[in-house]
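J.: Pasting a structure here, questions to come.
The values are calculated or read from the model by the stated rules, or taken from the named source; none is laboratory data. Given the structure is predicted, the values throughout are model-derived calculations rather than measurements. Note: ideal-geometry Cβ built from the backbone for every residue, glycine included; neighbour counts use all protein chains shown. Ligands, DNA and RNA are excluded from the accessible area calculation, which covers all protein heavy atoms including side chains. Shrake-Rupley method; radii C 1.70, N 1.55, O 1.52, S 1.80 Å.
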Amino acid sequence: HPEYGLIYPGEFIASAEATGAIRALGDWVLQACCRQAADWRALGLEPVPIAFNVSPVQLRDGAFAARLAAHIAHHGIEAADLSMEITESCLLEPRELALSVLEQVRAMGVSIGLDDFGTGFSSLSQIKDLPIDTLKLDRSFVNDIRSSSEAGVIVTSVITLAHNLKMRVVAEGVELMDQLVYLKTAGCD
């Protein structure tokens, strides 16, 4: 912004959701991800899934899955080129609509990750029933594994739980070698 400089997502996402602008913003991000995946394919590069976040507002839009499929087809990419990330807040009411959209997205071959896992309010009984492929450990747990044995126990337990539920685990905010070593030793994907 010419007057305010760089504005981080944490500063504008809530406003975009409240005003409904998140739909247009999310669509723009999704198109950019599809375009990038198509560019990589055109260059003959091995595809790497590009993760994009979806807000609760977008997930409550019953036409979201159809728009996603249209973007994938328009750009000539594979659904596996994308990975959709949601937060636990996406699973609030109306839960049935959100689950329906998630199931449609997963059925087309786009993987689904649960972002910031462990910081929200989902119960473990909900996690087992969700059509998700990946749990993303929040960076707060990664930061604390160096100084807190409790954080290490939680991280190791979440990794074991996720793997037993046939999910992958990704950790956010890994910046130090000892964090990486701990996570790899604990089995983080």
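J.: Within the stretch 129-151, which residues are more than 21 Å from C90 (Cβ to Cβ) and touching a helix residue (DSSP H, G or I) at 6+ places or on another chain (Cβ under 7 Å)?
T.: Hits for the stretch 129-151 are V142, D144, I145, R146, A151.
J.: Can I ask one more? Restricting attention to the stretch 149-164, does a residue exist that is without any contact (Cβ under 8 Å) to a residue 60 or more places away in the chain and within 16 Å of N53 (Cβ to Cβ)?
T.: Checked the stretch 149-164: no residue is without any contact (Cβ under 8 Å) to a residue 60 or more places away in the chain and within 16 Å of N53 (Cβ to Cβ).
J.: Just give me the residues in the stretch 33-53 being in a helix (DSSP H, G or I) and either touching a residue at least 24 places away in the same chain (Cβ under 8 Å) or not charged (D, E, K, R) (or both), in sequence order. Before the answer, list the steps.
T.: Restricting attention to the stretch 33-53, the residues satisfying the condition of being in a helix (DSSP H, G or I) are 33-42.
Answer for the stretch 33-53, where residues must be in a helix (DSSP H, G or I) and either touching a residue at least 24 places away in the same chain (Cβ under 8 Å) or not charged (D, E, K, R) (or both): C33, C34, R35, Q36, A37, A38, W40, R41, A42.
J.: OK, next. Among the residues of the stretch 43-51, are any open to solvent by less than 30 Å² (accessible area, probe 1.4 Å), within 18 Å of the chain's Cα centre (by Cα) and either of a type in the set (K, R) or more than 20 Å from M167 (Cβ to Cβ) (or both)?
T.: No: zero hits.
J.: Follow-up question, since we're still on this one. Scan (1) buried (at least 16 other Cβ atoms within 10 Å of the Cβ); (2) among the charged types (D, E, K, R); (3) over 23 Å from L114 (Cβ atoms) for the single condition E17 breaks and write down its number.
T.: For E17, the exception is condition (3).
J.: Then there is this: If I ask for residues that are open to solvent by less than 40 Å² (accessible area, probe 1.4 Å) and farther than 18 Å from A51 by Cβ, which ones from the stretch 75-90 would you list?
T.: Scanning the stretch 75-90 gives no hits.
J.: Another question about this same structure. Determine, yes or no, whether A32 is surrounded by 17 or more Cβ atoms within 10 Å (Cβ to Cβ), aliphatic (A, V, I, L, M), modelled with pLDDT of 95 or more and within 22 Å of G76 (Cα to Cα).
T.: no
J.: For M84, which of the numbered conditions (1) at pLDDT below 95; (2) in a strand (DSSP E or B) fails to hold?
T.: (1)
The rows are residues; the columns are (1) under 22 Å from A14 (Cα atoms); (2) touching a strand residue (DSSP E or B) at 6+ places or on another chain (Cβ under 9 Å); (3) of a type in the set (D, E).
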site: A98; (1), (2), (3): yes, yes, no
site: A107; (1), (2), (3): no, no, no
site: S111; (1), (2), (3): no, yes, no
site: G118; (1), (2), (3): yes, yes, no
site: P131; (1), (2), (3): no, yes, no
site: R139; (1), (2), (3): yes, yes, no
site: V142; (1), (2), (3): no, yes, no
site: N164; (1), (2), (3): no, no, no
site: A171; (1), (2), (3): no, yes, no
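J.: I145 is checked against (1) of a type in the set (A, V, I, L, M); (2) modelled with pLDDT under 95; (3) farther than 30 Å from V181 by Cα and fails just one. What number does that condition carry?
T.: With (1) of a type in the set (A, V, I, L, M); (2) modelled with pLDDT under 95; (3) farther than 30 Å from V181 by Cα applied to I145, the lone miss is (3).
J.: Determine whether V155 is assigned to a strand (DSSP E or B) and either of a type outside the set (S, T, Y) or surrounded by 13 or more Cβ atoms within 10 Å (Cβ to Cβ) (or both).
T.: On the way: assigned to a strand (DSSP E or B): no; either of a type outside the set (S, T, Y) or surrounded by 13 or more Cβ atoms within 10 Å (Cβ to Cβ) (or both): yes.
The answer is no for V155.
J.: Any idea which residue in the stretch 171-189 is nearest to S157 (Cα to Cα), counting only those that are open to solvent by less than 80 Å² (accessible area, probe 1.4 Å) and of a type in the set (D, E)?
T.: The residue in question is E172.
J.: Restrict the check to the stretch 61-74 and report whether at least one residue is open to solvent by less than 70 Å² (accessible area, probe 1.4 Å) and under 21 Å from L135 (Cβ atoms).
T.: No: zero hits.
J.: Which residue out of L25, L68, L30 is in contact with a His (Cβ under 7 Å, 6 or more places away or on another chain), assigned to a helix (DSSP H, G or I) and of a type in the set (A, V, I, L, M)?
T.: After applying the criteria, what remains is L30.
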